[in-house]
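Report on the following structure.
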Amino acid sequence: MSETEACDVFVIGGGVNGCGIARDAAGRGYTVCLAEMNDLASATSSGSTKLVHGGLRYLEHYEFRLVREALREREVLWSIAPHIIRPLRFVLPHHRGLRPSWLLRLGLFLYDHLGGRDRLPASRSLSFNEDAAGTPLKPDFRRGFEYSDCWVDDARLVVLNARDAADRGARIMPRTRVVTARRKGDLWEIETRSPDAGPQVFSARLLVNAAGPWIDEVLTGCTGGNTRRNIRLVKGSHIVVPRLFDHERCYIFQNADGRIVFAIPYERDFTLIGTTDRDYNGDPAKVAIADEEVAYLCEAVNAYFAKPVSPDDIVWSYAAVRALYDDGASKAQEATRDYVLRIDGAPDEVPILNVFGGKITTYRRLAEAACEKIGGLIGPRGRPWTASSPLPGGDFAPEEFEIQVSGLRESFPFLTPEHADRLIRLYGTRAASVLGGAKTLEDLGARIGADLTEAELRYLVDEEWVATAEDVLWRRTKLGLRFLKAEVNDLERRLAGLLTGTAYSTDARNLAAG
């Protein structure tokens, strides 16, 4: 076991909240370590509906503070990450049997004005006889509304926060499990284990528990604390089908049970449908979409779309659980999405900061609030800074995305428009670093599958903590939608070669020493 490594703040959890806190704290000058037992964004933070939004439906539950904060954050996040976040118009058909038209108008008026807008356009009424948004809908739907929110690549949002935290001095440790965390005088002593580094010991002035669905497990297991339940696990499942409509707008559908379902343009050739919002009492590590959820999502969109969707159309599905603060709400969809930061520990004990709830849209504000509490506990450092500092690759104006794509193709003319677009959407201005000094497509090495090359895979290993094919295909990219089984096997072999320092032979028959 190595010598004890000291830090100011030790974060447990490599989701969006944990990585957001690590980034903010490192940027203020704290020494930070973060441990995640699996890959970054491997649970809740890669299983969202992938929206940066105010939460129109939360107005019905009088969550005005949360909605206002989230609405303000939309354009803040878009401005610091314009490569992975883009504006999206949402089409809300009026269902005569559900919420009345006047209520929808009132809600959209509040949505337009509660948080302020700068770049995003306001809501408007639609006639589906005149607007292309009506084409895929059943003829019963004649009118509706349209409003603005944003889409985000959720898993990349997490890894870019982790990358920026590391660039600012934080130690980011995926696949590192916290075994114990015990108070020892005025410090925490944390023991971790990982396949690569083995057992390690850290000391920290403050422990941050941002373990999401495992937050209670950390409190009762790792720290040996109280046994009361603090969270409510709410499961959300999604399906992906071949593209259902030609335009780039999203649909938001009301359902008779009070829940809503989105149908979102996804990865150019697909439509993402979700979510289900239901209580979950099982092991968060074993969450998976259920047959009844598939049926529910198909039925929900089939109530609106003229062309039916069936389970046979599904090309991919995923599920995750949110760890919401247990506020006693009667229904899963009514449980608060707001965050709660709670400090535990007696006055003479070194504290632990527990992070409950939250949503992707407000993760940056949650991190700011957490750093304010960190300052109050172990001494303030720096000032809030993340609202104006771009995430890695996001150092360009939101309106300049196409300029970035064109510029990349000018520098690397062998790229197709689709390849350049994908690289900018993932890496922004760092796409050139992915490509290095390549003068031809062949300089990028073998094409492994779709347009993934050896050069990009090497970048993901070196810069983004990739260790498995799943990390590559479903979190750092979504190329899993386009890979064949043989290509996945090839990726696994090449990845093993990079991680072990051996060279993968071009005929894929063996691994030879490099």
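How many residues does the stretch 59-69 contain that are in contact with an Asp or Glu (Cβ under 9 Å, 6 or more places away or on another chain) and open to solvent by less than 10 Å² (accessible area, probe 1.4 Å)?
Residues flagged as in contact with an Asp or Glu (Cβ under 9 Å, 6 or more places away or on another chain) and open to solvent by less than 10 Å² (accessible area, probe 1.4 Å) within the stretch 59-69 amount to 1.
Among (1) in a loop (DSSP other than H, G, I, E, B); (2) touching a residue at least 24 places away in the same chain (Cβ under 8 Å); (3) open to solvent by 30 Å² or more (accessible area, probe 1.4 Å), where does P347 come up short?
The one condition P347 does not meet is (2).
May I ask you to say which residue of E454, E463 is surrounded by fewer than 20 Cβ atoms within 10 Å (Cβ to Cβ) and either under 19 Å from the mean Cα position of the chain (by Cα) or at positive phi (or both)?
Details: E454 fails: either under 19 Å from the mean Cα position of the chain (by Cα) or at positive phi (or both).
Just one listed residue meets the conditions, E463.
Determine whether the stretch 319-341 contains at least one residue that is open to solvent by less than 60 Å² (accessible area, probe 1.4 Å), touching a strand residue (DSSP E or B) at 6+ places or on another chain (Cβ under 9 Å) and part of a helix (DSSP H, G or I).
Yes: one or more hits.
Enumerate the strands (runs of 3 or more DSSP E) found wholly within the stretch 205-267, keeping only those where 2 or more residues are among the aromatic types (F, W, Y) and farther than 27 Å from E368 by Cα. It would help to see each step written out before you state the result.
Working: elements: 231-242, 250-254, 260-266.
Of the strands (runs of 3 or more DSSP E) lying wholly inside the stretch 205-267, those with at least 2 residues that are among the aromatic types (F, W, Y) and farther than 27 Å from E368 by Cα span 250-254, 260-266.
For the list (1) in a helix (DSSP H, G or I); (2) more than 19 Å from E267 (Cβ to Cβ), I need the number of the one condition that K439 fails.
Exception for K439: condition (1).
As an exercise: evaluate G407 against (1) assigned to a helix (DSSP H, G or I); (2) open to solvent by 70 Å² or more (accessible area, probe 1.4 Å) and give the number of the one condition it does not meet.
With respect to (1) assigned to a helix (DSSP H, G or I); (2) open to solvent by 70 Å² or more (accessible area, probe 1.4 Å), G407 is out only on (2).
Would you say D443 is under 22 Å from T502 (Cβ atoms) and either surrounded by fewer than 20 Cβ atoms within 10 Å (Cβ to Cβ) or small (G, A, S) (or both)?
Yes.
In the stretch 93-139, what count of residues is obtained for those that are surrounded by fewer than 19 Cβ atoms within 10 Å (Cβ to Cβ), without any contact (Cβ under 8 Å) to a residue 24 or more places away in the chain and closer than 17 Å to Q254 by Cα?
Of the residues in that region, 6 qualify.
Among all residue pairs at least 6 apart or on different chains, which show Cβ distances below 7 Å where the first residue, located in the stretch 253-267, is at positive phi and the second is modelled with pLDDT of 95 or more and open to solvent by 10 Å² or more (accessible area, probe 1.4 Å)?
Listed by first residue and then by second, the contacts come to E267/K478; E267/L481.
Which condition number does L98 fail, the rest of (1) modelled with pLDDT of 95 or more; (2) farther than 26 Å from R74 by Cα being met?
With (1) modelled with pLDDT of 95 or more; (2) farther than 26 Å from R74 by Cα applied to L98, the lone miss is (1).
Give me a count of the residues in the stretch 250-273 that are within 22 Å of R96 (Cα to Cα) and either out of contact with any Asp or Glu (no Cβ under 6 Å at 6 or more places or on another chain) or open to solvent by less than 20 Å² (accessible area, probe 1.4 Å) (or both).
13
Right, L377: assigned to a helix (DSSP H, G or I), under 28 Å from E349 (Cβ atoms) and open to solvent by less than 10 Å² (accessible area, probe 1.4 Å) or not?
Taking the combined requirement at face value, the residue does not satisfy it.
Scan the strands (runs of 3 or more DSSP E) fully inside the stretch 78-176 and keep the ones with 3 or more residues being within 29 Å of the chain's Cα centre (by Cα) and within 27 Å of G393 (Cα to Cα). Before the answer, list the steps.
Values: elements: 85-93, 124-127, 143-152, 171-173.
Result: 85-93, 143-152, 171-173.
State which residue pairs qualify: first residue among the hydrophobic types (A, V, I, L, M, F, W, C) and inside the stretch 381-396, second residue surrounded by fewer than 14 Cβ atoms within 10 Å (Cβ to Cβ) in any location, beta carbons under 8 Å apart, and separation of 6 or more residues or different chains.
F396/I403
Report, by residue number, each residue of the stretch 376-413 that is out of contact with any helix residue (DSSP H, G or I) (no Cβ under 8 Å at 6 or more places or on another chain) and among the acidic types (D, E).
E399, E400, E402, E410, listed by residue number.
The values are calculated or read from the model by the stated rules, or taken from the named source; none is laboratory data. Small disclaimer: the values here were computed from a predicted structure and weren't measured. Positions of Cβ are generated from backbone atoms using ideal geometry, with glycine treated the same way; all protein chains shown enter the neighbour counts. Surface areas here come from the heavy atoms of the whole protein model, side chains and all, with no ligands, DNA or RNA. Shrake-Rupley method; radii C 1.70, N 1.55, O 1.52, S 1.80 Å.
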